[in-house]
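The structure appears right after this line, and notes come after that.
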Amino acid sequence: MLSKDKIFLALLIFIPISIAAHFLHWGEIVIFITSALAILPLAAWMGTATEEIAVVVGPSLGGLLNATFGNATELIIGLVALKAGLINVVKASLTGSIIGNLLLVMGLSMLLGGLRYKEQEFQPIVARVNASSMNLAVIAMLLPTMVNYTSEGISQSTMQTLSSAVAIVLIVVYALTLLFSMRTHTYLYDAGVADIDPGELEALAESNLVGEESGGKVNLPLWIGILLACTLMVAVESELLVDSLEVATKSLGLTALFTGVIIVPIVGNAAEHATAVTVAMKNKMDLSVSVAVGSSLQIALFVAPVLVLAGFVLGQPMDLDFNPFELVAVAVAVLITNSISSDGRSNWLEGTLLLAAYVVLGLAFYFHPVIEGIG
Amino acid sequence: MLSKDKIFLALLIFIPISIAAHFLHWGEIVIFITSALAILPLAAWMGTATEEIAVVVGPSLGGLLNATFGNATELIIGLVALKAGLINVVKASLTGSIIGNLLLVMGLSMLLGGLRYKEQEFQPIVARVNASSMNLAVIAMLLPTMVNYTSEGISQSTMQTLSSAVAIVLIVVYALTLLFSMRTHTYLYDAGVADIDPGELEALAESNLVGEESGGKVNLPLWIGILLACTLMVAVESELLVDSLEVATKSLGLTALFTGVIIVPIVGNAAEHATAVTVAMKNKMDLSVSVAVGSSLQIALFVAPVLVLAGFVLGQPMDLDFNPFELVAVAVAVLITNSISSDGRSNWLEGTLLLAAYVVLGLAFYFHPVIEGIG
Amino acid sequence: MLSKDKIFLALLIFIPISIAAHFLHWGEIVIFITSALAILPLAAWMGTATEEIAVVVGPSLGGLLNATFGNATELIIGLVALKAGLINVVKASLTGSIIGNLLLVMGLSMLLGGLRYKEQEFQPIVARVNASSMNLAVIAMLLPTMVNYTSEGISQSTMQTLSSAVAIVLIVVYALTLLFSMRTHTYLYDAGVADIDPGELEALAESNLVGEESGGKVNLPLWIGILLACTLMVAVESELLVDSLEVATKSLGLTALFTGVIIVPIVGNAAEHATAVTVAMKNKMDLSVSVAVGSSLQIALFVAPVLVLAGFVLGQPMDLDFNPFELVAVAVAVLITNSISSDGRSNWLEGTLLLAAYVVLGLAFYFHPVIEGIG
C-alpha cells in the first residue's frame, strides 16, 4: 500500500511541470499528458479528504458528502469542458465513465480477485437494486436521443427543455436512492459491510493517506483545507487538459470521441480503479462492486443531470442527445454487467468477459469515424 | 372501500352529460372529458360483472371469461377507433396500455405498498413465466416494424399479411398460456393465492360491487344484464371519446400520440389501477403484480392481435408496424419491470424507479413531434 | 434409438444421388435438396467420430478436439460459401445457427421434455456463465455493424480491420472459456454431469454409432479414417449445396436471406438437434441445454471469428457488418433464451415460447425483402 502513496506523491511533480509546459509553450501533447498525470494524485486526495471529513460530520451528512463529492473530479473536468464549449467531449466522457466503471474497473477487480480466490461473493440484493437504478439511468439517457432519432428531429431548445426535465427527475431519483440506502433500508447494505472487519476498513481508508496521522482524531480544518486546495488544483489542471485536448489528441492520431470515451474517464476515475481493485484482491468483493457500480450510478444520476442543468445556466447547448453509438455502448455495458453481477458471485472468467467487452468497445470507438464538432 | 364505490356511482352522471354535450354541441373538449369520465365506472362494473359470472359458470369457463373480457374496455375503444380509421391512435393506446400497466400501475402499487410495508413479496416463478411471455410479445411487436425499418420498406399488404400471421401465433400462445395456468401448472399460481385468506378475497371482490347483494347466491341474469348494458354504454361513450379526440386534444395542445399513449390507457385501465393499488396496500403483492402484468400480457397477446385481425376484416390497414419510439418505450418498460420483479420482492424505491421511468417516458412522448396521420 | 441410425444409414443414398444429379444435370433444386439430405448423416458421423477419438486421447486434448470439431459441418459449409463469394449467405447462416440452436433446438427440447416431465431442472450457474458469454458474443457482433450504422459509414478495409481485431478477441475469449470449463472450474460443470449415470452416458454416445462395436476398446485408426472421409464428403456435398443454392432457392420462391438463416442451419445442425431433443426426453436437461447453448457459443466465439480471419486470408470481404435485422434477430433470441434459462428450470410452456419466437422470426425473415447481393 505504501507504494501506491509513493506513486501518488511522485506524480505531484507533474503539477508544476504541466504549468511550466503551459507557460513555456512546450507543446500541447506535453501539456495534455502532464496535466492528466497531475490530476491522478489530486483526485485520490480529494477522495481521502472527503472520506475523512465524512467520518467527523457523522453518517448522514457524511454519506451525503461522499455521494456529492465522490465524483468531484469528473464533475470539475466536465464543467471546465462545458465552459469551453466542448459539449461532445463532455457527453463522451460521461459515457466513458459509466462504461469504464462497469467494465474496466469491475472487470479488473473480478479478474485479479478471481485469480487469487476461486469464487468471490457479494450481496445480490444490492446488485439488483443498483441494476434497476442503472437501467433507469440508461432509459433516461436513451429517450431524448430516441425522440430525435425516430422523428424528423426536434429543435435544440425543445431538446434542452426535455433534457432538463429528465435531469430533474434523475436528481430526485438519486436523492431517493440515498434516502433508501442511508435511512429506510440501511440493513440491506449493512449485511455486506458487516462481513468486513471494521479495523481493516479503517486501515484501508488510511492506506489512502499520505500522512503522519496516527491518533483517532481527525484534523478537520486540515482536511477541509486539503479538499479545497485539491479541488482548486484539479480545476486548474482540468483547464490545461481541456485546452490542450483537441490539438494533442489530433497529433496523436486519436479522435476526440475516443479521447472522451476512453482516455478522459481513465484519468478521472483512477482513484476508484485503484480502490476497487485493491479491495477485490483482499476478497472484499462487496466493497469493490459498490465502488464500481456506485460510481457509475453517481455519474448517470447526479453528474450527468448536473451538467445538463449547468449547461442551461452557462448558456451551452448541453443536453441528453447522445451519439447513438454511445448509447449502444452504455446499453451493452449495463446489459453485460447486470448479467454477470445478478447472481452475487464472480470468478476470473466473468472478469475477463467484462474486460473483453471493454476491449471490443474500445476497438469500436477507435475505428468510429470522426464526428463533426468534436474532432 | 365504500368511497370508491361512491365515486364510481357519482361518475355515472357523466353518461347523460356527455350525451347531452354531444347533441347540444357543447364543444369537443367537454365531450372528450365527460365521455372519458363516464367510461371509468362502466369499466369497473364490467369487471365486477365478469367476475360474478365467472364464479357461477365454474373455474374453467370462468377463467376463460375473465381472460377474454378482462380488457374489454380497451378492446371496445380500440375497435371504435379502428372503425373510425384512427389506426395510429389504436397503436398508441396499445403501447400505452402495456407501459401504463407495467410502470404506472405496478409502480404505484409497489410505492404505496412499500410505504406501509418495508418489503413485500410475491411469487418469483410466476413473475418469470410472465416475463418470458412478455418478452415474446415485445419481440412479436418489434419484428414487423424492424422488417420495415431495416429494408427499403415493404408494401402495406405484405405488412398486413406478416402482421396477421404473427397475430395468429400470439393468440395461440395466449391460449396455451391459459392452458398452462389453468390446467397443467395451476400449482405454480395457487401457491401465491393460497396465502390469501379466501374470505378476504371474496370481500375484496364484493368491495367492487355497488350493490345490496349479501347472500352466497349470485344473480346470474342480473349480472349478464349489467355486463351487456355496460358493454353497450362503453361502446357509445367510446364513440363520443374517439370522435372528439382529434379536435379536443389539439385544442388542449397535446399531440394525438401523447393522448393515445398516456391519456386513453389511463381511462381504459382505471379499474385495474384501483384494484392493483388497493390490494398492494393490503400486502397482497401477488395479486397486485398479477393484475398489472396479466393485464399487459392480455393487451399484447390478445387485444393487439385481435385488433390486427379485426383491421383485416374491417378493411382498415391495421398492422404491427409501430412508430419506432413506441417500440423503444415498450421495450424499456418491459426491461425495467423484469429487472425489478425478477427477485419476487419489492420496496418503495423499486416502485419509485418504475414511476420515474413512466414520468421520463411521458415527458419524451409529450415532446415527441407530431407524427403525420395522427396529429 | 435404432431407428435414428437406420434413418441416417438410409440417408447415405443421397450422396451418390446428389453427385449424379450434378453430373447428369438433373436441375439445381434436385441437387440442392439431395446434397442437403446427404450432409445430415455425414454430420452425425463426424460428431460420433470426434467423440470416439476424444475418449481415447484423454479429457484435455479430447475436450479441445470436441470444442474445435463440434461445429465442423457449419465451418466447412461456411468456408465453401466464403470461397464462392457468398458472403451474405455465410453471415446469414451464422445468424441462423445461433438462433436455431437457442430457439428451435432448446425450444423443442423443453417442449418435448416438458410434455413428459412436469418440470425439468438444469444447472443455473452454467446457464448464467453461458448467458454472459453469449451476451459478449452478441455485443461483439453488434458493435462493428453499429459503427457503420451510426456514422456516415466506414470503408470496407477499416471494417475488415475492426472485424479481424474483434475476431481475435473472441477467439481468445473462447480459449479462456475452455480453460475455465476444463481446468479451473470443472466442478461447476461436473455437478450437472454427476447426476447422469455414467453407464447411460456411454450408452447414449454409442447409440449414435452405426456399428458392431462392442468392447471397451476404441478403434482409433478406424475413427480417424471415418472422420477424414466424412469431412471430405461434407466438403464435396457443401460444394454442391452452395453451387445450387442461389438458383434453387430462387425457383422455390425463397430469398437467399431466408435460406441462409433458416434452411442452411437446419442442415448443418441436424445432429445437435437430434441429440438435444433425445436427451431432453430422457430428462437429462443439463446435457440438452449444454448442447444447444454450447453449440451457439461455438458458432459465435469460434466459427464466426475463424470465418472472418479466413475471409482475410482468402481475400474475401468477410466482416462482422451484419444486416441490422439479423442482429435484431440474434439479440432477441439471446434475450428470450436468457430470460427462460436463467432459473434453471423448464416446462412445456417455456419450450413453446421459444418455438413461437422462432416461428415469428421465421415469418419475419420470410417476408423480409430481398437484399441486394444475396438474392
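Throughout, read-outs are computed from the coordinates displayed, never taken from laboratory work. Here the structure is a predicted model, which means the values were calculated and not measured. Virtual Cβ from ideal backbone geometry, glycine too; neighbours counted across all protein chains shown.
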query: Taking the label point as lying 7 angstrom from Cα along the Cα-to-Cβ axis, what are the distances from residue C:119 to the corresponding position in the remaining copies, in ascending order and in nanometres?
result: 2.2, 2.2
- request: Pull out a ≥ b ≥ c, the square roots of the eigenvalues of the alpha-carbon gyration tensor of the stretch C:330-371, then state rounded if a/c is under 1.5, prolate if not and a/b is larger than b/c, and oblate in the remaining case.
  value: oblate
Cα-centre dipole for the stretch B:229-285 with unit charges at Cβ (Lys and Arg positive, Asp and Glu negative), debye to 20: 360
- prompt: Using a label position 7 Å from Cα in the Cα→Cβ direction, what is the ascending list of nm distances from residue A:314 to the same site in the other copies?
  reply: 5.3, 5.3
message: Averaged over its residues, how many other protein chain Cβ atoms are within 10 Å of peptide A:134-142's Cβ atoms?
response: 6
message: Place a point 7 Å from Cα of residue C:175 in the direction of its Cβ. Which residues in the stretch C:61-92 have their backbone N less than 15 Å from it?
response: C:64-65, C:68
task: Using only the Cα atoms of the stretch C:3-367, build the gyration tensor, take square roots of its eigenvalues as a ≥ b ≥ c, and label the shape rounded, prolate or oblate: rounded if a/c is under 1.5, else prolate if a/b is larger than b/c, else oblate.
output: rounded
Per-copy distances of the residue B:24 label point, shortest first, in nm (7 angstrom along Cα→Cβ): 9.0, 9.0
- request: Quick one: grab the alpha carbon gyration tensor of the stretch A:256-316, order the square roots of its eigenvalues as a ≥ b ≥ c, and give me rounded if a/c is under 1.5, else prolate or oblate depending on whether a/b is larger than b/c.
  value: oblate
message: For residue B:91, give me every one of the lysines with a C-alpha distance below 21 angstrom, ignoring sequence neighbours fewer than eight places off in its own chain.
response: B:83, B:250
Under 12 Å, Cβ to Cβ, from residue B:343 - net charge with Lys/Arg +1 and Asp/Glu -1: -2
message: Could you work out the relative contact order of chain C? I mean the mean sequence separation of Cα pairs under 8 Å and 6+ apart, divided by the number of residues, in percent.
response: 41
message: Looking for one value pair here: nearest-to-axis residue in chain B (by Cβ) for the rotation onto A, and the distance in whole angstrom.
response: B:342, 5
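Using only Cα atoms, what Kirkwood radius does the protein assembly as shown have, in angstroms?
Hydrodynamic radius (Kirkwood, Cα only) of the protein assembly as shown equals 31.5 Å.
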- prompt: For residue C:228 and residue B:117, FRET efficiency with R0 = 56 Å and r from the beta-carbon atoms, rounded to 0.05?
  reply: 0.25
message: Quick check for me: using +1 on Lys/Arg Cβ and -1 on Asp/Glu Cβ, what's the dipole size of the protein assembly as shown about its Cα centre, in debye to the nearest 20?
response: 100
message: Given a Förster distance of 51 Å, report the FRET efficiency between residue B:220 and residue C:283 from their Cβ-Cβ distance, rounded to the nearest 0.05.
response: 0.65
task: Could you point to the residue in A:131, A:232, A:38 farthest towards the positive end of chain A's charge dipole, with +1 and -1 charges on the Cβ of Lys/Arg and Asp/Glu respectively?
output: A:131
task: Place the peptides C:341-353, A:11-23 in order of packing, highest mean first, counting for every residue the other Cβ atoms within 10 Å and averaging per peptide.
output: C:341-353, A:11-23
query: What is the fewest-to-most order of B:50, B:337 by other Cβ atoms lying within 10 Å of their Cβ?
result: B:50, B:337
field: Members of C:217/C:282; B:284/C:118; A:6/A:284; A:282/B:284; A:118/C:118 lying beyond 32 Å, as alpha-carbon distances in this model show
entry: A:282/B:284; A:118/C:118
statement: Computed about the Cα centre, the charge dipole of chain C from +1 Lys/Arg and -1 Asp/Glu charges at the Cβ has a magnitude in debye, to the nearest 20, of 220
